[in-house]
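Trainee: First the structure, then my questions, so here it is.
The values are calculated or read from the model by the stated rules, or taken from the named source; none is laboratory data. Keep in mind that what you see is a predicted model, and the values were worked out from it rather than measured. Neighbour counts run over all protein chains shown; Cβ positions are idealised from the backbone, glycine included.
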């Protein structure tokens, strides 16, 4: 059957003679639509990468934290330790401005800013005649030493000096002016 042009009235023909919508016309094919989505996806990924880079830089150079963890800040910490059963020679060796170090590592824990000595007392479990616990005073002293140091501080973690966490109730093995002693931290300012 032969068809002439009049049979296709209302159908526009393309370059190859086929009508649009009949395969082979000049209309854009489906592949160009898919290509647009690929460009859109790449653009979206680039925008997300740039946003992540900006947030990371903000996190590095400002106190703002991207992941909710506080960054460490350098601060001056003042902390007080007590050394029990100390001799008079130890008291004389602890002078203002002298350094106190960690015995194991040799790293400086702080500089002495104040020294106070008081009688070394212990308590016994034996009640006295009036019902109180007995107090025994010794010939040695308790030294109260105030130290000052540059420390790393992080909220929720506290202070760290020379890789040692500084906190009330913690015990330290300290070294100063030829002496080695155990010391207990009583306060942190």
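Trainee: Can you spot a residue in the stretch 163-171 that is at negative phi, out of contact with any strand residue (DSSP E or B) (no Cβ under 7 Å at 6 or more places or on another chain), free of Cβ contacts under 8 Å to residues at least 12 places away in the same chain and not in a helix (DSSP H, G or I)? Break it down into steps so the answer makes sense when it comes.
Mentor: At the first step, the residues of the stretch 163-171 found to be at negative phi are 164-168, 170-171.
Pick out the ones that are also out of contact with any strand residue (DSSP E or B) (no Cβ under 7 Å at 6 or more places or on another chain) and you get none.
No, the stretch 163-171 contains no residue that is at negative phi, out of contact with any strand residue (DSSP E or B) (no Cβ under 7 Å at 6 or more places or on another chain), free of Cβ contacts under 8 Å to residues at least 12 places away in the same chain and not in a helix (DSSP H, G or I).
Trainee: Return the total of residues in the stretch 124-150 being part of a strand (DSSP E or B) and more than 41 Å from the chain's Cα centre (by Cα).
Mentor: 12
Trainee: In addition: Would a scan of the stretch 148-158 turn up a residue that is under 15 Å from residue 114 (Cβ atoms) and either in the same structural domain as residue 101 (by TED's automatic domain parsing) or in contact with a strand residue (DSSP E or B) (Cβ under 9 Å, 6 or more places away or on another chain) (or both)?
Mentor: Yes, the stretch 148-158 contains a residue that is under 15 Å from residue 114 (Cβ atoms) and either in the same structural domain as residue 101 (by TED's automatic domain parsing) or in contact with a strand residue (DSSP E or B) (Cβ under 9 Å, 6 or more places away or on another chain) (or both).
Trainee: Another question about this same structure. Need the failing condition index for residue 87 against (1) loosely packed, with under 13 Cβ neighbours inside 10 Å; (2) modelled with pLDDT of 80 or more; (3) over 37 Å from the mean Cα position of the chain (by Cα), just the number.
Mentor: (1)
Trainee: State yes or no: is residue 128 in contact with a strand residue (DSSP E or B) (Cβ under 7 Å, 6 or more places away or on another chain) and under 12 Å from residue 79 (Cα atoms)? Explain how you work it out, then say what you get.
Mentor: Details: in contact with a strand residue (DSSP E or B) (Cβ under 7 Å, 6 or more places away or on another chain): yes; under 12 Å from residue 79 (Cα atoms): no.
For residue 128, the condition - in contact with a strand residue (DSSP E or B) (Cβ under 7 Å, 6 or more places away or on another chain) and under 12 Å from residue 79 (Cα atoms) - is not met.
Trainee: Please enumerate the residues belonging to the stretch 140-169 that are over 15 Å from residue 76 (Cα atoms) and crowded, with 16+ Cβ neighbours inside 10 Å.
Mentor: Matches in the stretch 140-169: 140, 141, 142, 143, 144, 145.
Trainee: Looking for something within 18 Å of residue 189 (Cα to Cα) and either exposed (fewer than 14 other Cβ atoms within 10 Å of the Cβ) or modelled with pLDDT of 95 or more (or both) - is there at least one such residue anywhere in the stretch 128-139?
Mentor: No, that holds for no residue.
Trainee: Can you say whether residue 54 is surrounded by 14 or more Cβ atoms within 10 Å (Cβ to Cβ), within 30 Å of the chain's Cα centre (by Cα) and either under 29 Å from residue 121 (Cβ atoms) or at pLDDT below 95 (or both), as far as the supplied structure shows?
Mentor: Criteria not met by residue 54.
Trainee: Quick check: is even one residue across the stretch 112-119 over 22 Å from residue 172 (Cβ atoms) and either part of a strand (DSSP E or B) or not assigned by TED's automatic domain parsing to the domain that holds residue 173 (or both)?
Mentor: If we filter the stretch 112-119 for residues that are over 22 Å from residue 172 (Cβ atoms), which is where we start, we get 119.
Remaining after also requiring either part of a strand (DSSP E or B) or not assigned by TED's automatic domain parsing to the domain that holds residue 173 (or both): 119.
Yes.
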